[in-house]
Amino acid sequence: MEIKGMIFHSRKEFVVDHFGEEAWNRVVNALPSEDRELLGEIILTAKWYPFDVGSRLDKAIVDVLGGGNASIFRQIGAASAQTSLTRVHKTFLTPGDPQAFMKKSGIIYKFYYDRGRREYQETGPNSGVVTTYDAETFSEPDCLTVIGWYEEALRMCGAENVVGIEEECRAKGGKVCRYRFQWEI
């Protein structure tokens, strides 16, 4: 499975903005040499890269900066939404209509991952469930990033008091990755 280079960019941007360039260098130095080489090259946001490299990068961020706690990825997801949805993917936003935005989950997924699919089911006027199916690879940090990304995206659409809850995760033995979101307008 492959992921877009944009994911690497958002990770680096978050680490540098919140911890500094030296922290990014510590994270990269914790990676195997082939990953360090890849991340030392110019990463193209629209190019596909191996998911495994992203997974190892996420583990290094957790180990080096998160003290073993993956919750930092919720913040990384929110920062990534701010970056991508104010720049290259701003057309996905639907200010004033969070449900319309959430209904684009399947389309948005294809911009970040090359395998699997994501579906959205509306469960109420201000709630719904996002489910990822058939992804060949998965990780706990990636799921936390997804939650943070959608929470921030919903706020960017005008939602308030947004709550995202992971109901099932393949990295924890589930059959799918499922996230429940609710918000107020």
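The values are calculated or read from the model by the stated rules, or taken from the named source; none is laboratory data. Computed from a predicted model, the values in this text were never measured in an experiment. We place every Cβ from the backbone using ideal geometry, glycine too, and count neighbours over all the protein chains shown. SASA here: full protein model, heavy atoms, side chains in, ligands and nucleic acids out. Shrake-Rupley method; radii C 1.70, N 1.55, O 1.52, S 1.80 Å.
Brief remarks follow.
- Compactness of the stretch 1-104 is given as radius of gyration and Dmax, 14.6, 46 Å, from Cα positions.
- Among Ile107, Ile43, Val28 the positive-end extreme of the charge dipole of the stretch 27-113 (Cβ point charges): Ile107
- Solvent-accessible area of Ser33 with every protein chain in place, 1.4 Å probe, in Å² to the nearest 10: 60 Å²
- The alpha-carbon positions of the stretch 1-44 define a convex hull whose volume is 76 Å³ per residue.
- Among 49-56, 132-139, the order from most to least packed when residues are scored by Cβ within 10 Å on average: 49-56, 132-139
- Surface share of carbon and sulfur [accessible, 1.4 angstrom probe, percent] for the chain: 49 percent
- The ratio of the alpha-carbon radius of gyration of the stretch 39-185 to the globular-protein estimate 2.2 N^0.38 Å is 1.01.
- Sorting Thr91, Thr83 by accessible area puts them as Thr91, Thr83; the probe is 1.4 Å, largest comes first, and only protein heavy atoms count.
- Theoretical gain in end-to-end length, Lys103 to Met1 [0.36 nm per residue, Cα-Cα removed]: 34.3 nm
- Virtual spin-label span in nm between Glu21 and Asp134, 7 Å along Cα→Cβ: 4.4 nm
- Taking 25 °C and 0.890 mPa s as conditions, the stretch 49-119 diffuses translationally at an estimated 176 µm²/s according to Stokes-Einstein applied to its Kirkwood radius (Cα pairs).
- Largest accessible area first, the residues Arg118, Arg170 order themselves as Arg170, Arg118 under a 1.4 Å probe with ligands, DNA and RNA left out.
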